[in-house]
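So the structure is just underneath, and the comments pick up after that.
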Amino acid sequence: MVSSLRLPALTSLISPSFTRRSTVSLRRRLHLRPPLAAGFSAQSAASSPTETEDRVDSKKSGRVQDRGSTDRVITPRSQDFNAWYLDVIANAELADYGPVRGTMVIRPYGYAMWEAIQDYLNVKFKETGHSNMYFPQFIPYSFIEKEASHVEGFSPELALVTIGGGKELEEKLVVRPTSETIVNHMFTQWIHSYRDLPLMINQWANVTRWEMRTKPFVRTLEFLWQEGHTAHATLEEAEKEALQMIDVYTKFAYEQAAIPVIAGRKSKVETFAGADKTYTIEAMMGDRKALQAGTSHNLGQNFSRAFGTQFTDENGLRQHVWQTSWAISTRFVGGIIMTHGDDAGLMLPPRIAPIQVVIVPIWKKVDEKTGVLDAASSVAETLKNAGLKVKLDDTDQRTPGWKFNFWEMKGVPLRIEIGPRDVSSGSVVISRRDIPGKQGKVFGISMEPSILEAYVKDRLDEIQSSLLQRAISFRDSNIVDVSSYEELKEAISLGKWARGPWSASDADELRIKEETGATIRCFPFEQPQGTKACLMTGKPADEVAIFAKSY
């Protein structure tokens, strides 16, 4: 049992009553359930000695939350994007603060989004030949020290265990920040011959990184992720693997999350500590900041040399293995929120949504209730049998109008309304979350199972496609092509992404970061043809890079 968790002695570690068919959308004030015990903008000072990003920004906005009030406010995105984000997480019941500063409790609705990500990726990992397993979360500190750039890159974020069972440990332990080192330790014991290769595994786990400024889902001390690790006989095989996995992530982002990421290679400055190359998918959030949504690393032989991970090749010679690692985390949930949400709250792509269809029965008289509820239950059963995720909100403590706004805030893609007239006509009313008001509402959709099922599935597909196209348009309209440093600075000052030719030095890249706050997000895989002139030096450049401020 671990009795004490101490941080390394590093100076860098300082630490929402309506009419029957109301289409009113309460976009700024939702009359919902009482606020959380500790809202994301009012975490207990006792458990939060240092300031997190959300607390700092909330103070700047001057917002005050009354814990006894039943009014839940969603700040408009255009007014304060960070406050909007925190309000949505709290109101939609995605997560809450843990008692330790910078940690979060993922609530069922938020965890269901993570499960949707897991369900898709788990299939893809197995299709590409990977097996799931699990490694311990405690790693000997000496493992971290073996790869020089790795320890240098992670030291400021390490949490160390120094006492266990009431005694000082002979060797301090690192609480897993990532698993390359312990994976290599085990690979060294499992890999002996070329017949043992490739070795391709994945684990779903938690990791701990002692962040100075935290933001729910986006950056927390502890988070959930999957991390893949592979070992190969050749550099070419490792490179193919690293590119294959970033392609899996790219397809997931587009096809499931409706997020049009830009895939590419990280600069040397931004490369993962201990990797030869890092590939990334970069997503533009609603505030136009970039989110690194997934990475895949070609580790070369850096870790295998440090750990002596070798195999005997077909010629009987001893060789070091070539390795990769790759990961997507719960940060992606934050990306979905910030890409698609609006002033009413969440707007979820149907393939990710925990609830795809919510059914709201409506009645005024007692003698109408049974017929309406029976019809609503029948519709729910029909859609569930069609493989859809359905919620029947048959509670009678809240008005239909309140329910409309509550489920809108939760981002449910489709709402079905059923009242006495609908029961008589054998039809329903269907509203789309992505098209507000009357434009998104269609009357008279038949309850006949085959008709209703086909209609609902078609609308869900339309919403999925619509959200992706909307995000693509937003992204493309906010990327500016630049040919000089002055143009880059102007684009960044306007909150845009800048795309321009680059062949300058690491020092020039760091200068841009210091002077503008922007970094090279990636060198996109899709590159314009021909030689260009570097925006910084004027010298020939073969590639364009994308610069942006990021999370």
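Worth pointing out:
- Charges were assigned to the Cβ only: +1 to each Lys and Arg, -1 to each Asp and Glu. The resulting dipole of region 431-519 about its Cα centre is roughly 580 debye.
- Distant-in-sequence amide H partners of K215 (H built 1.01 Å from N, under 5 Å): T220
- Here the 3J(HN,Hα) profile of region 217-226, calculated from phi with Karplus coefficients 6.51, -1.76 and 1.60 at θ = phi - 60°, is 6, 6, 8, 10, 4, 10, 8, 9, 7, 10 Hz, Gly and Pro shown as x.
- Amide H contacts of L169: I163, G164, each under 5 Å away and 5 or more positions distant or on a separate chain (H built 1.01 Å from N in the peptide plane; Pro and chain starts excluded).
- Extension gain from D461 to D374, taking 0.36 nm per residue of separation minus the Cα-Cα distance: 28.5 nm
- Listed values for region 491-506 are Karplus-derived 3J(HN,Hα) couplings in whole Hz (6.51 cos²θ - 1.76 cosθ + 1.60, θ = phi - 60°), namely 4, 5, 5, 8, x, 9, 8, 10, 10, x, x, 8, 8, 7, 7, 4, and x replaces Gly and Pro.
- Cβ crowding within 10 Å averaged over residues, with 323-331, 163-171, 442-450 ranked highest first: 323-331, 442-450, 163-171
- Hz values of 3J(HN,Hα) by residue in region 463-475 - Karplus curve (6.51, -1.76, 1.60), Gly and Pro given as x: 5, 4, 5, 5, 5, 5, 5, 5, 5, 5, 4, 5, 4
- Whole-Å distance, taken between Cα centres, linking region 499-551 and region 394-459: 48 Å
- Stretching the chain fully between A112 and L510 yields a gain of 139.3 nm (0.36 nm per residue, less the alpha carbon separation).
- Placing unit charges on the Cβ atoms only, positive for Lys and Arg and negative for Asp and Glu, gives region 88-340 a dipole magnitude near 500 debye about its Cα centre.
- Given +1 at the Cβ of Lys and Arg, -1 at the Cβ of Asp and Glu and no other charges, the dipole of the chain around its Cα centre is 1760 debye to the nearest 20.
- Inter-label distance for A386 and T234, nm, one decimal - labels placed 7 Å from Cα along Cα-to-Cβ: 5.0 nm
- Once the C-beta distance of K365 and F443 is scaled by a Förster radius of 30 Å, the resulting FRET efficiency is 0.90 to the nearest 0.05.
- Taking 7 Å steps out from each Cα toward its Cβ at Q137 and T531 produces label points 5.4 nm apart.
- Spin-label pair N122/R421, simplified geometry with 7 Å Cα→Cβ offset, distance in nm: 4.6 nm
- When each of the peptides 475-488, 256-269 is scored by how many other beta carbons lie within 10 Å of its residues on average, the order from highest to lowest is 256-269, 475-488.
- Annotation: amide H-H contacts under 5 Å for Y97 (H modelled 1.01 Å from N, sequence separation of 5 or more, or interchain): V105.
- Leading residue at positive end of dipole, region 357-459 (Cβ point charges), from I416, F406, V390: F406
Readers should treat all values here as calculations from the given coordinates under stated rules, not as data from a laboratory. Only a predicted model underlies this, so the values are computations on that prediction, with no experimental measurement involved. Counting neighbours? That spans all protein chains shown, and the Cβs are built from the backbone with ideal geometry, glycine included.
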